[in-house]
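Everything below concerns the one structure shown next.
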Amino acid sequence: MTADVSDEGTVRVDTWIWSVRLTKTRSQAASACRAGHVRVNGDRVKPAHAVRSGDEVRVFHAGRERVVVVSKTVRKRVGPPVAVQCYVDNSPPPPPREFVAPVAIRDRGAGRPTKRDRREMERLQGGGGGPVR
């Protein structure tokens with residue numbers, strides 16, 4: 001491996017999260033720490049908190065929680081193949097993407113929809129288009 005990856009020693013949690021590509025930028029990692037979205041061994045941490053091999057890091061980012069165990073500390077950003085070797089991913093599987101119903105598209109110049117057309121579009125979109133009383 002390179003000189004930037006080691007099995008012992010400590011490194012800042014925001015730097016490590018960015019280095020192993022859990023966030024796109026280091027400032028995003030630091031912001032997540034300040035907002036309380038990063039936990040090390042169950043405790044909320046500041047960006048300068050030191051992590052070492054064996055620590056469990058939980059990151060809530062982009063609508064998903066990532067649970068990783070640090071296996072190697074990294075000081076500089078590394079490529080994806082090396083980054084995967086620096087942690088053990090215990091994250092739950094991502095939630096399935098919701099099925100998006102096709103939107104009813106009217107032809108251009110078709111004019112104003114009739115009441116029947118409008119109710120058909122509302123039915124397709126799943127709207128509660130019942131009568132108002």
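The values are calculated or read from the model by the stated rules, or taken from the named source; none is laboratory data. Please read all numbers here as calculations on a predicted model, not as lab measurements. Cβ sites come from the backbone with ideal geometry, for glycine too, and all protein chains shown count toward neighbours. What goes into the accessible areas is simple: the full protein's heavy atoms, side chains included, and nothing from ligands, DNA or RNA. Shrake-Rupley method; radii C 1.70, N 1.55, O 1.52, S 1.80 Å.
Within segment 30-48, the set of residues being in a loop (DSSP other than H, G, I, E, B) and among the hydrophobic types (A, V, I, L, M, F, W, C) comprises 35, 45, 48.
Scan segment 1-11 residue by residue and report those that are open to solvent by 60 Å² or more (accessible area, probe 1.4 Å) and either touching a helix residue (DSSP H, G or I) at 6+ places or on another chain (Cβ under 9 Å) or modelled with pLDDT of 95 or more (or both).
From segment 1-11, those open to solvent by 60 Å² or more (accessible area, probe 1.4 Å) are 1-4, 7-8; that's our starting set.
1, 2, 4, listed by residue number.
Can you pull out every residue in segment 17-55 that is more than 17 Å from the chain's Cα centre (by Cα), open to solvent by 10 Å² or more (accessible area, probe 1.4 Å) and in contact (Cβ under 8 Å) with a residue 12 or more places away in the chain? Within segment 17-55, 41, 42, 45, 46, 47, 48, 49, 50, 52, 53, 54, 55 qualify.
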